[in-house]
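The structure appears right after this line, and notes come after that.
None of the figures in this text is laboratory data; all of them are computed from the coordinates on show. Treat the numbers as computed from the prediction; the structure is a model and nothing was measured. Cβ atoms come from the backbone with ideal geometry, glycine included; neighbour counts cover every protein chain shown.
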Amino acid sequence: MAIYVFNLLVGYYTGGLDTAQGVRSRYLRKTKHTVKYIFDTVPTYRELLVYHNLGICVEEMLCAQLFMTGNYNFAGNIKVSDKLQELVEKLQVNKTVEIGNSLRLYHENQLVASIERKENKEFLYQISYYHNNGKLILTEWYGDSLLYTDHFVTAEKDGKKYAKKVKTSFFDKKGTNVYDCLYDINGEELYVYPDGQSYSKTQWFYKFIQTLKLSEDDIVILERPSFNSYVQPLFQYGGKAKKVVVFHSGHYFERGEDTGSLYMNREYYYWFKYSEKIDLMIVSTEEQKEDIRTKLLEFSKEIPRIEVVPAGGLADIKRTKEFRKPRSLVTVSRLVPGKKVDWVIESVIEARKGIPELTLDIYGEGKATSALKELVHQYNAEEYIHFMGHCDVSEVYKNYEGYISGSVFETLGLSVMEAIGSGNAVIGLDARYGNRVLIEDGKNGRLIKFSPDDIQNPQRVKEIISDMAKCIVEVFSDEEMLLAYQEHSYQIAERFLNDKIEKKWIDVIESL
Amino acid sequence: MEAESVYQYLIDRQEFRLLEEKDLYYVFLPVPEYWDIRVDGYNGAVTDMGEKKAIIYFKAPSEKRYVQRVEWITTTGTVYKIDYYGKYGYAYCTEYLNSDGSSRMKEYYTSQRKLVASKNSSNGVITLFEQGHVAAMYDSESVLIKEVSEETDGDICI
């Protein structure tokens, strides 16, 4: 009996979903099942560390590509000293430079190789080979033996040369090449075996799913976009394994609610088309559950069992004996257009006319960072609006009196949850879904009147910013009310403590 | 000294048995069980359930049907790799291609399919392997040829 979680992501910044997977790993470990988290792309060592730091044990991680070689143990024991000596002789290395955990090897001042070491610096996980002083040719990745090699060619894009990965060769424990993955064959990956068999990524995942030998005792949790390569193979050949899909995003967006989707979210098409084959849908809020039921009915689709289990929980309630910084606001999010941090900034600038000591600290990074910094600069607001970058914020919220969000849509809103867990008064939009659960208007903060139509209406945007500013002034003008809001945030947060969420997850998994 | 003889020398260094010179008759090209090999005009074809997987080109004289190279194709007909067969009847070289037909890299193998050398087509770098691990790197084929010539006192010829 096993739970297979599809999937851990490779090649992106970590976001709310990754954090939720890490938090939930602690709950699932308490079920009677063994749990395996599937990488559908080979992770780098750094990505293993990221998920490990989020709470998932390395032993629980399973890379599909390596699993198919039988050589998938990430825990390595290849000694740096042994390899270093070997490389010095082979590549005639006459200079070694240590930069952090990296060792750079030079031959006559030309970079020829680098060794990436694990934290203890005794064992290695990667060796890269270069020519012409730094042009990447080949990378070897090690566990307790050579796992795979990446091959690069020199390519050009927009007039700039770069190392383009064209092939990965996977090896078994004896060092025999089991198969290769060729990249960018008509834009796609092609899995090629020495005997001539070749597979698209989706076809290859069919082989992988077959190898897992899923049975009715197994549970498959799917929580990434349904257009991923493993989805059809899982549905078509996954046997009687129970299929659980988790919605970490909206399934339907009005215009402007999401920067990437309009109306039906294409990430979830498959769940709607084949709803009758799904054993359980999990959402974070009752409102989304009802919306999904309505949408399935609209398309005359079968309604599977739907349970409300918040995607994440709080480890503890963070009370502070220190004084919170007076008249301080904080916001935490990826800095992308949908989070409307520009509205937050403008509302704070407006509110400061009424509350001269008001400050705002912005945590997070994203593609809108430079535009937002420019906005702050335009208003000469650098003195009281600060960009704090990307960091661990779990202990940060309790230093502030209030939390503010301009987000026009949140499936749940882990940042707002953490804010109420730290006793912040909260100001946010009356937007689907999380804000309506985590912010009780007039009790732990203020919900600003909002409709998705407003996003495209400049007049309404002005009014929303003005309303946010008025609420900031109101919240910080009445000390008694502020303290009451903060105390009520703690009360709401009690509902989202890990032990309560954990019980929901265990109950729902054991009920399958 | 020509490049191909250098690669043959490098392969020979890692062969642990004497190989018999014997061309490969196309019908006996190693393929997955039950796949078919048939005549396809002037060439041969590898098929699986009727789907063409590869085109076999013959050495001259072509009527003997000895394999010279095998071009492996995607379902849409794009050649993604070419296996070259030498006098010992195995694929001693595999060339990987870009979708536009240009070369990405060539790899040279022993008869046991152990990787011996890799030539990067984009920048000319040659990487030599031993037991699956990088053994040496050369900025170009000419540097490699020069070194092998010196090592063998120019004793290799085609």
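Before moving on, here are some points about what is shown:
- Spacing of the two label points (7 Å from each Cα toward its C-beta) at A:K213 and A:K173, in nm: 1.7
- Cβ-to-Cβ counts within 10 Å put A:M61, A:M417, A:M1 in ascending order as A:M1, A:M61, A:M417, the fewest first.
- Seen against the Cα atoms of chain A and their longest principal axis, helix A:498-510 is set at about 60 degrees.
- Net charge, B:T47 excluded, C-beta distance under 11 Å - Lys, Arg +1, Asp, Glu -1: -1
- At an R0 of 25 angstrom, the distance between the Cβ atoms of A:M388 and A:R495 translates into a FRET efficiency of 0.30.
- Which of A:P356, A:P310, A:S333, positive extreme of dipole for the range A:304-370 (C-beta unit charges): A:P310
- Listing A:H251, A:H386 from fewest to most neighbouring C-beta atoms within 10 Å gives A:H386, A:H251.
- Helix A:369-378 and the longest principal axis of the Cα set of chain A meet at an angle near 40°.
- Degrees separating the helix A:341-351 axis from the principal Cα axis of chain A, which is the longest one: 30
- Helical contribution to [θ] at 222 nm, DSSP H n ≥ 4, -39,500 (n - 2.57), averaged over chain B, rounded to 500: -4500 deg cm²/dmol
- Highest-MSF residue in chain B out of B:K87, B:K53, B:K64 [GNM, Cα springs under 10 Å]: B:K64
- Taking the DSSP beta bridges with both ends in the protein assembly as shown, the antiparallel portion is around 70 percent.
- Partner shielding of B:121-127 amounts to 6, given as the average count of beta-carbon atoms from other chains within 10 Å of each residue beta-carbon.
- Debye, to nearest 20: dipole size of the range B:81-153, +1 on Lys, Arg Cβ, -1 on Asp, Glu Cβ: 380
- Sorted by Cβ density within 10 Å, fewest first, the residues A:W343, A:W271: A:W343, A:W271
- Inter-chain shielding of B:70-80 (mean C-beta neighbours from other protein chains, 10 Å cut-off): 3
- Dipole of chain B, positive direction: furthest Cα of B:Q131, B:T47, B:L19, with charges on the beta-carbon: B:T47
- Here's the picture: charge each Lys and Arg Cβ at +1 and each Asp and Glu Cβ at -1 in chain A, and of A:I509, A:V112, A:Q486 the one pushed furthest to the positive end of that dipole is A:V112.
- Dipole magnitude for the range A:1-96: computed about the Cα centre from +1 point charges on Lys and Arg Cβ and -1 point charges on Asp and Glu Cβ, it is near 300 debye.
- Chain A: relative contact order in percent, alpha carbon pairs under 8 Å with at least 6 residues between: 10
- Assigned charges on the beta-carbon of Lys, Arg, Asp, Glu; chain A dipole about Cα centre (debye): 920
- 9 Å beta-carbon shell around A:A469, net charge (K/R +1, D/E -1): 0
- Exercise: per-residue mean of other protein chain Cβ atoms within 10 Å, A:49-58: 0
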